[in-house]
1. Check A:I13, A:I106 and return the single one that is part of a strand (DSSP E or B), among the β-branched types (V, I, T) and closer than 21 Å to A:A190 by Cβ.
2. Would you be able to say whether some residue in segment B:67-84 is within 27 Å of A:A376 (Cα to Cα) and polar (S, T, N, Q)?
3. Looking at B:A47, B:A13, which is the one that is out of contact with any His (no Cβ under 6 Å at 6 or more places or on another chain) and within 11 Å of chain A (Cβ to nearest Cβ)?
4. Does at least one position in segment A:152-166 carry a residue that is on the phi > 0 side of the Ramachandran plot and part of a helix (DSSP H, G or I)?
5. Can you tell me which of (1) within 12 Å of another protein chain (Cβ to nearest Cβ); (2) under 30 Å from A:M207 (Cβ atoms) is the one A:D378 doesn't meet?
6. Considering segment A:259-282 alone, what residues qualify as being over 25 Å from A:H191 (Cβ atoms) and more than 14 Å from chain B (Cβ to nearest Cβ)?
7. For segment B:69-100, give me each residue that is open to solvent by less than 10 Å² (accessible area, probe 1.4 Å), closer than 16 Å to B:W31 by Cα and not small (G, A, S).
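The values are calculated or read from the model by the stated rules, or taken from the named source; none is laboratory data. Not measured: the values here are computed from a predicted model. With ideal geometry, Cβ positions are generated from the backbone for all residues, glycine too; neighbour counts draw on all protein chains shown. Note: areas computed on protein heavy atoms with side chains; ligands, DNA, RNA excluded. Shrake-Rupley method; radii C 1.70, N 1.55, O 1.52, S 1.80 Å.
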Amino acid sequence: MQTDKTPPAPMLIGCAAGFSGDRVDAAGPVVQALVALQQPAFLIFETLAERTLALAQLARRDDPEAGYEPLLLELLRPVLADCLAHRIRIVSNFGAANPQGAARAIAALARSLGLRAPRIAVVQGDDLSGPAHRPMLAQALGDQMPDQPLVSANAYIGARPIAEALQAGADIVVCGRVADPSLVLGPAMAHFGWAWDDWDRLARATMAGHLLECGTQVSGGYFADPGYKEVPGMDQLGYPIAEIDDSGNCSIFKPEGTGGCITPATVKEQLLYEIHDPRCYLTPDVVADISQAQVLAEGENRVRLEGVIGHPRPASLKVNTCYASGWFAEAEISYAGPRAAERARLAAQTVAQRLQGIAPIRTDLIGVTSVWGNDASDWLAGADLSTASPDVRLRMAWQHADKATAARLPREVNALYCCGPAGGGGVRSHMRQRLGMVSCLVPQPLIATGFVWAAQEEATA
Amino acid sequence: MNDHITVPLYRLAHGRTGDKGNRSNISVIAWHPALWDAICAQVTEAAVAALFADRQPRQVQRYLLPQLQAMNLVLDEVLDGGVNDALNLDSHGKTLCFRVLKMPIVLPAHLQAHLVGLDDAALPATTE
């Protein structure tokens, strides 16, 4: 297309959370950097993992006002004033199972800080847990449709409602389940005005989102390995910022004065993270292809991603459906000193014999094997315990549909205090409801997405 | 073979594990382009499947990204059910990349200069 229009200026987008429970002091340095750079800027918080939404639905069941990111106010309080004053617009999936509730909480926070009322948009369409959607899910899931009541059903929706909300003037866009990279693609679409079938640009901004969505995983977090991969300032890791240009390509950097590092190695690790086929990374917006991608060092703590190409978006959206599926119980006890591992093994045998025939029990002996063994505990069975650590911790875990039956395992481990081998100490146990999850694909046109403004009486009161 | 050395993969490459449901993906990224051929030749689908034999992967698929000197290993059904179902403490399988990174790799001795970390040469004693 021939045009003499000047291409739009690059945009900046920072990420200040990579999961629910990430550091709540992350946003400050990112926002300071965005303010100082004086370019069009956005801030995202990514706070949903596969299970988070189901857990949020359970929280909302107990308290109708809950169900959004529990740390929402801690995340926003330090930076809301600067974001509103400098027009740094915020996009996040921290709405989880209750985006309207999150919007009300943000409006109240702004009031309590004496700030102007932000225009808050709430993205809709991802939540398919209502009865109206049940026939559609039943058809999509077929034999996989759970018999148990659904805890949550959410479609991974795309960037369009986010872009539309920003174009309509939103200061803050609250989402539930959107595909993580769409948190970045939405602002890019709003800023650059690309066509929704400009596949290469969509794919490039999507991969910028993929690099940002896990917070510090691109800037030195989850990377350090002393002697092999040194990372300075782990206690003050800088959260990443992407500069995206009108080609969709991006450079990743971090705020001055923060810890961590951004190198081709950190960027490559994050680029491949949770990707299946690098030629077709599926999102609701585009199929991204990184098979020809280049990761280039641009300077200290600045790395450029180029060469991503895109293909037309999939016809369907992924839907995750969670249901309550019984109870998970685990319990631990420690043994130390001479023959510690042998005494721990006798403890495990004692519990296993007492609970024989009820459900499979997983046994780990921390200090010998804690995570690499299989559920059948074959490693432990074959381990030479004479060379084991003299300080070991026995862990046993199982699951059962019935809560009282599941609770028998922690009770038996607790009984080892009197009835078990010599010198056992430090019993801790844990029970939680299990969430089963099944995924399916639903044709995109069947899922209506959009945004609404948060209730104005709340925002302007 | 005296012009060859045997070193753990973590001296040639780094990586990270991710998960979706009951599927694990493990990246292996060469520290230097000169090391890429040896990694490709030895970190094969068959070798990785053997490494995880106790987890009984339904399939191990390897995707090569030569321009990044990186590969993505996708292991189906190795997470004891994954984050919703597993009894494992590490239900995401986050620790699994180091199971790959301790693979012994045979390397021409002249490439030694490109290795990272200490020349400890202390290979893990286990063979799993």
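1. Working: A:I106 fails: part of a strand (DSSP E or B).
Answer to the selection: A:I13.
2. yes
3. On the way: B:A47 fails: within 11 Å of chain A (Cβ to nearest Cβ).
One residue alone meets the criteria, B:A13.
4. There is no residue in segment A:152-166 that is on the phi > 0 side of the Ramachandran plot and part of a helix (DSSP H, G or I).
5. Failing condition for A:D378: (2).
6. Step one: list which residues in segment A:259-282 are over 25 Å from A:H191 (Cβ atoms), which gives A:259-261, A:263-266, A:268-269, A:272-280.
Scanning segment A:259-282 gives A:G259, A:G260.
7. Within segment B:69-100, B:M71, B:N72, B:C97, B:V100 qualify.
Conditions tested, residue by residue: (1) surrounded by fewer than 20 Cβ atoms within 10 Å (Cβ to Cβ); (2) on the phi < 0 side of the Ramachandran plot; (3) assigned to a helix (DSSP H, G or I).
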position	(1), (2), (3)
B:Y10	no, yes, yes
B:G18	no, yes, no
B:V48	no, yes, yes
B:Q67	yes, yes, yes
